[in-house]
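Only the coordinates and a few stated rules stand behind these numbers; no lab work does. Quick caveat, the model's predicted, so the values are computed rather than measured. Cβ coordinates were reconstructed from backbone atoms using ideal geometry, including for glycine residues, and neighbour counts include every protein chain displayed.
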Amino acid sequence: MRDTSDFDAFYAGSVRRVTGHVYAMTGDRADAEDLAQEAFARAWQHWDKVSGYADPEAWVRTVAFRARVSAWRKTVNRLRAHRRHGPPDAKPEASVDNVAIVAALRRIPANQRQAIVLHHLVGLSLEEIAAETDVAVGTVKARLSRGRRALAPHLADRENGFTSDGQEPRHA
């Protein structure tokens, strides 16, 4: 296990300077704090190597600077793509049926919900679900069966024009 005392002393002695340097570079205090923390996290991950450098603080400043440049490049590329291709297609509004299904799915146990979504919405086979969830095919079948039974009362009333409490649905 690593000895944290050297890193802790390094961090305590340099975090303000590094954050101040990054703040001067970005002009945004929150961004500077995030970038400095990212750089110190990377320093910790490689502390065995970084601690041997003549100036570990310079390494941290460089990592913070490169992280900022990388974020800037991603932003520029995103803007270029937006200009080239236009805004993304508008997502269709959620239908009443989709909202009802999602609301009903939230009311059943998570493992049953997962099996139903993977099978009926994603289209995976029983074997594929079993492999993805690391359970036996029989368990997947049971979860699907129980999940369908648990969903039925939440969806059946909607088909008849009533909510699960027997009232007509309110329309906004």
**Prompt:** Relative contact order for the chain using alpha-carbon pairs under 8 Å, separation at least 6, rounded to a whole percent?
**Reply:** 13
**Fill in**
For D48 and L155, extending 7 Å from Cα along the Cα-Cβ vector and measuring point to point gives, in nm, a value of 5.3
**Asked** Any idea what the dipole of the chain comes to, in debye rounded to 20, about its Cα centre with Lys/Arg Cβ at +1 and Asp/Glu Cβ at -1?
**Response** 460
**Item:** Difference of contour (0.36 nm per residue) and Cα-Cα distance, A110 to A131
**Value:** 5.8 nm
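Using the beta-carbon distance between D28 and D8 and R0 = 35 Å, what value does 1/(1 + (r/R0)^6) give for FRET efficiency, to the nearest 0.05?
0.85
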**Fill in**
Which of (i) 36, 17, 15; (ii) 51, 25, 17; (iii) 23, 20, 16 gives semi-axes √(5λ) of the Cα gyration tensor in Å as computed here? It is (ii)
**Complete:** Summing +1 per Lys or Arg and -1 per Asp or Glu among the other residues with Cβ less than 10 Å from N111's Cβ gives +3
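Please sort by residue number the chymotrypsin sites (Phe, Trp or Tyr not before Pro) in the range 1-48 whose DSSP state is loop and whose Cβ has at most 13 other Cβ atoms within 10 Å.
none
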**Message:** At 7 Å along Cα-to-Cβ for each site, give me the label-to-label distance between V117 and R73 in nm.
**Reply:** 3.4
